[in-house]
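Colleague: I'd like to ask some things about the structure below.
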Amino acid sequence: MKTTGVITKMQAAYSSPIQYTLNLNDETISVNQLLEQKIAISFNHYQCLECGKEKEIFAMGCCKNCYFTSPHTGRWVVNPELSTAHLGQADRNLEIEAEAQLQPHIVYLANSGGIKVGVTRKSQVPTRWIDQGAEYAIKLAETTNRFEAGLIEVALKQHLSDKTNYRKMLIDNAVFEDLAGKKEEIRTFIPEELKQYILEDEQIFHLEYPVERFPLKINSVNLKKVPRVEGTLIGIKGQYLMFDNNNVFNIRSHEGFVIDLEF
């Protein structure tokens, strides 16, 4: 079977294991059902997710112009502490930014090949953890807006990573670590005026991914350099597809690419 469409991130349903679907235009594909099947992904052309034009994708599914002008790709997306909607100040479009920033946010600890700190909208739990390939996660704090969550993250980044080591995440299952203990350990580093947002909740979430086996090594494929990737699908974790030939394909970093998918 062959189908063509523009890539957007896989949708994930929280179950055991995680259930993934990929929407290519009007067709919804159960990616879990493709495990142990040979599939091929070929570059067709670009389609900016913001303006819809056939222009080379620069980042976050956008062409270069849209990336630097769209309110959905402002600096506050990656750096929550740069949010300004709580001050009534726009970065690019206050209405859109306020909708995203002025809502409850969760600061969390996650283990995805190493413990990291992160921030997400409350409504995005546990989707954000799944997208990062976290196997264990715990809520650290709940703030009223994105800016406050960003300040907590900045304070903790001096003691914990805020990045996911995707190579470690894709090479094996994460070793269990005491996230509740780590939460207690690092609370002292949170500024006094933000300690009110700490959650007294020690629930550790465990996420299981549909992985038949892990690659022996990691060869990350980019369709800008290699226009076709193929192999037997052996696992799905985070937003990555893993193949039996050690190739891994990051769906999220290819948003805005129109592909031909064969399976």
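The values are calculated or read from the model by the stated rules, or taken from the named source; none is laboratory data. Fair warning: this is a prediction, and the values are worked out from it, not measured in the lab. Counting neighbours? That spans all protein chains shown, and the Cβs are built from the backbone with ideal geometry, glycine included.
Colleague: When you scan the range 100-109, do you find a residue that is over 25 Å from GLU184 (Cα atoms) and of a type in the set (S, T, N, Q), even just one?
Modeller: The initial filter retains those residues of the range 100-109 that are over 25 Å from GLU184 (Cα atoms), namely 100-103.
Those still in the list that are of a type in the set (S, T, N, Q) too: 101, 103.
Yes: one or more hits.
Okay, residues lined up against (1) surrounded by fewer than 13 Cβ atoms within 10 Å (Cβ to Cβ); (2) farther than 15 Å from SER112 by Cα:
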| site | (1), (2) |
| --- | --- |
| ALA180 | no, yes |
| LYS195 | yes, yes |
| VAL211 | no, no |
| PHE214 | no, no |
| TYR240 | no, no |
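Colleague: State which residue is surrounded by the most Cβ atoms within 10 Å (Cβ to Cβ) when the search covers only the range 14-44 and only residues that are part of a strand (DSSP E or B), free of Cβ contacts under 8 Å to residues at least 24 places away in the same chain and among the hydroxyl-bearing types (Ser, Thr, Tyr).
Modeller: Ranking the qualifying residues of the range 14-44, first place goes to THR21.
Colleague: Also, quick follow-up: Quick one: count up the residues across the range 50-59 that are out of contact with any helix residue (DSSP H, G or I) (no Cβ under 6 Å at 6 or more places or on another chain), assigned to a loop (DSSP other than H, G, I, E, B) and surrounded by 15 or more Cβ atoms within 10 Å (Cβ to Cβ). Give the steps one after another, and end with the answer.
Modeller: Going residue by residue through the range 50-59, those that are out of contact with any helix residue (DSSP H, G or I) (no Cβ under 6 Å at 6 or more places or on another chain) are 52-57.
From what's left, assigned to a loop (DSSP other than H, G, I, E, B): 52-56.
Adding the requirement that they be surrounded by 15 or more Cβ atoms within 10 Å (Cβ to Cβ) leaves 55.
Of the residues in that region, 1 qualify.
Colleague: Does LEU194 satisfy the condition of being outside the structural domain of MET10 (by TED's automatic domain parsing), out of contact with any Phe, Trp or Tyr (no Cβ under 7 Å at 6 or more places or on another chain) and not β-branched (Val, Ile, Thr)?
Modeller: Values: outside the structural domain of MET10 (by TED's automatic domain parsing): yes; out of contact with any Phe, Trp or Tyr (no Cβ under 7 Å at 6 or more places or on another chain): yes; not β-branched (Val, Ile, Thr): yes.
The answer is yes for LEU194.
Colleague: Of the residues in the range 156-172, how many are polar (S, T, N, Q) and either modelled with pLDDT of 90 or more or outside any loop (DSSP other than H, G, I, E, B) (or both)? Outline the logic, then answer.
Modeller: Filtering the range 156-172 down to residues polar (S, T, N, Q) leaves 158, 161, 164-165.
So of that shortlist, the ones also either modelled with pLDDT of 90 or more or outside any loop (DSSP other than H, G, I, E, B) (or both) come out as 158, 161.
So the answer is 2.
Colleague: Go through the residues of the range 208-222 one by one and say whether even a single one is closer than 24 Å to THR8 by Cα, hydrophobic (A, V, I, L, M, F, W, C), within 19 Å of the chain's Cα centre (by Cα) and outside any loop (DSSP other than H, G, I, E, B).
Modeller: yes
Colleague: State yes or no: is GLU202 in a loop (DSSP other than H, G, I, E, B) and out of contact with any Pro (no Cβ under 6 Å at 6 or more places or on another chain)? Reasoning before the result, please.
Modeller: Working: in a loop (DSSP other than H, G, I, E, B): yes; out of contact with any Pro (no Cβ under 6 Å at 6 or more places or on another chain): yes.
Yes; evaluated as a whole, the condition is true for this residue.
Colleague: Sort through GLN47, GLN11 and tell me the only one that's surrounded by 13 or more Cβ atoms within 10 Å (Cβ to Cβ), closer than 14 Å to ASP260 by Cα and not assigned by TED's automatic domain parsing to the domain that holds ALA149.
Modeller: Working: GLN11 fails: closer than 14 Å to ASP260 by Cα.
Result of the check over GLN47, GLN11: GLN47.
Colleague: Only one residue in ASN165, ASN245 is touching a strand residue (DSSP E or B) at 6+ places or on another chain (Cβ under 7 Å) and on the phi < 0 side of the Ramachandran plot. Which one?
Modeller: Values: ASN165 fails: touching a strand residue (DSSP E or B) at 6+ places or on another chain (Cβ under 7 Å).
Only one candidate qualifies: ASN245.
Colleague: On to the next question. Does the range 134-155 contain at least one residue that is in a helix (DSSP H, G or I) and within 30 Å of ASN23 (Cβ to Cβ)? Break it down into steps so the answer makes sense when it comes.
Modeller: Step one: list which residues in the range 134-155 are in a helix (DSSP H, G or I), which gives 146-155.
Keeping just the survivors that are within 30 Å of ASN23 (Cβ to Cβ) gives 146, 149.
Yes - at least one qualifying residue is present in the range 134-155.
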